[in-house]
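Enquirer: Got a structure for you, questions after.
Bear in mind that the values in this text are calculations on the coordinates, not laboratory data. Remember, it's a predicted structure, so these values are computed and weren't measured experimentally. Please note: Cβ atoms are built from the backbone with ideal geometry, for glycine as well, and neighbour counts cover all protein chains shown.
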Amino acid sequence: MNQVEGTFEMEKQEYEKSEKAENVPENSEPKEDLTINEITIVDPDTYELDLNHGRIAKLENLEPLTQIERLYLRWNLIKKIENLNTLTTLVELELYDNQITVIENLDALVNLEILDLSFNRIKRIEGLDNLLKLKRLFLTSNKISKIENLTHLQQLEMLELDWKSIENLKENKKLQTIYLERNPIAADPAYRRKLKLLIPWLVQIDATLCR
């Protein structure tokens, strides 16, 4: 382990000791769950569908969307990723701020380029094996303890996540942008320099372009 990696490891351990859960309590339940059919009439030819703030608890009834490219499901009550097998044209999927615990059932989304799973209850990075076109991945504010299963994502350009084992990202040679601004590591004035030394091909760290 070189000096840079050793410094990152010590800072990671300090972060893990002080980390507190930021997600919705496990026993939080909606007064009334809604289904997609109950809140919208879906046009099968639509290429973009916004279901944010819909109080949706289950992913279902999406089969008619044969042309869909962008699906927004932020701020809902979804616990499980499911019933997406027919959405093979999907390019962007946003599931920000739901109650998802496992990354699963994404194998059919072979054209996906943007995936937002921030603010959920995910504990492990997995289930991304077929997403070889993925360019942007957002995983911040979950319960992930290890960065893994990302080395095959050779098109990945942007990654947003909580501070963990950053050295595991050295295999992602196309990674250009990483966001760690909300993490305790950012309190170190030199953290951008350390990160650049570890992953020298980065173009942008947080909102700052690398020199």
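Enquirer: Through the Karplus equation 6.51 cos²θ - 1.76 cosθ + 1.60, θ set to phi - 60°, convert the phi angles of the stretch 139-146 into ³J(HN,Hα) values in whole Hz; use x for Gly and Pro.
Expert: 10, 5, 6, 10, 10, 6, 9, 8
Enquirer: Under a point-charge model restricted to the Cβ atoms of Lys and Arg (+1) and Asp and Glu (-1), what is the dipole moment magnitude of the stretch 30-161 relative to its Cα centre, in debye to the nearest 20?
Expert: Rounded to the nearest 20 debye, it is 660 debye.
Enquirer: Same structure, new question: Below 14 angstrom from the Cβ of residue 173, what's the summed charge of the other residues (Lys, Arg +1; Asp, Glu -1)?
Expert: +1
Enquirer: Within 10 Å of each residue's Cβ, count the other Cβ atoms and sort 173, 133 from fewest upward.
Expert: Placing the least packed residue first, the sequence is 173, 133.
Enquirer: Separation between the residue 152 and residue 126 pseudo-spin-labels, each 7 Å from Cα along Cα→Cβ, expressed in nm?
Expert: 1.4 nm
Enquirer: Which residues' amide hydrogens lie under 5 Å from the amide hydrogen of residue 206, considering only partners 5 or more residues apart or on another chain, with H built in the peptide plane?
Expert: Answer set, sorted by chain and number: 178, 179, 180.
Enquirer: Put a dot 7 Å past each Cα toward the Cβ at residue 43 and residue 55; how far apart are the dots in nm?
Expert: 2.6 nm
Enquirer: Listing 103, 205, 114 from the residue with the fewest other Cβ atoms within 10 Å to the one with the most, what is the order?
Expert: 114, 205, 103
Enquirer: Between residue 110 and residue 83, what FRET efficiency comes out of the Förster formula 1/(1 + (r/R0)^6) with R0 = 22 Å and r the beta carbon distance, rounded to 0.05?
Expert: That gives a FRET efficiency of 0.85.
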